[in-house]
Amino acid sequence: MIVVIYAHPYPSRSRASAALLEAARAVDSVEVRSIYDLYPDFDIDVPSEQAAVDRARLVVWLHPTYWYAVPGLMKHWFDQVLTKDWAYANGTALVGKDCLWVTTTGGAPADYTPEGSHAHPFSAFMPVVQQTARFCGMNWLEPFIVQGVDAITDDGLREAGQRLRARLEAWIAAQPGAAT
């Protein structure tokens, strides 16, 4: 029901993504596709990835924000998996599926202001990912963003993971036919 496309080039160095990934894995009906583990040579098995996305009703793109964008392999995954006549143009494989963007930043919220080091609100860096989902006919959900992860305590990261888990479980509960 939910597929998480997880892209972190250095997962052993990440406290934040690890906490979010652990929380997502704890939810029933979640399949995690850790693409840096699956495709360290960037040779993506397109049919397998398309089949995983096909099985899902909610597609989660989980990654750290790198240079205001997705990590390199996530961009390559977009290029290889979200193909013409499958994901867009005459393709309708993703039409109507929900898309949740889950990302982290090292910079704190104050860094993403006109006065901050990034000179723009974080929302200025969303359009590329958002439009990728929308171009494929997906329903863009409110992103789940954890900022300032370099300064967040382990307890704070566990709490962020709990909030993500609650969000995924609420999504499941809201689906037609979900047990009440």
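Values quoted throughout were computed directly from the atomic coordinates according to the rules given, and no laboratory measurement underlies them. This structure is a prediction, so every number in the text was calculated from the model and none was measured. Heads up, the Cβs are rebuilt from the backbone with ideal geometry, glycines too, and the neighbour counts pull from every protein chain shown.
For the reader, a short list of remarks on this structure follows.
- C-alpha long axis of helix 154-173 to longest principal axis of the chain, angle in °: 30 degrees
- Formal net charge of residues neighbouring Thr132 (Cβ-Cβ distance under 12 Å; K, R +1; D, E -1): +1
- This structure gives P(r) over Cα pairs in 10 Å bins from 0, in percent, computed directly, and of (1) 9, 32, 26, 16, 10, 5, 2, 0; (2) 9, 31, 30, 18, 9, 3, 1, 0; (3) 9, 37, 38, 14, 1 that value is listed as (3).
- Mean projected area (nm²) of the alpha-carbon convex hull when the range 86-180 is viewed from all directions: 8.0 nm²
- Of all DSSP beta bridges confined to the chain, the antiparallel ones make up roughly 5%.
- Applying a DSSP loop filter and a limit of 15 other Cβ atoms within 10 Å to the chymotrypsin sites (Phe, Trp or Tyr not before Pro) in the range 65-140 leaves Trp67, Tyr68.
- Applying the Karplus relation 6.51 cos²θ - 1.76 cosθ + 1.60 with θ = phi - 60° to the range 34-41 yields 3J(HN,Hα) values of 7, 5, 6, 6, 6, 10, x, 9 Hz, where x marks Gly and Pro.
- Net charge of neighbours whose Cβ lies under 13 Å from the Cβ of Arg33, counting Lys and Arg as +1 and Asp and Glu as -1: -3
- At q = 0.15, 0.27, 0.29, 0.31 Å⁻¹ the log10 of I(q)/I(0) for the range 63-110 amounts to -0.54, -1.03, -1.08, -1.12, computed by Debye summation with a single uniform scatterer per C-alpha, solvent ignored.
- Electrostatic bookkeeping for Trp101 treats Lys and Arg as +1 and Asp and Glu as -1; over the other residues with beta carbon under 13 Å from its beta carbon, the sum is 0.
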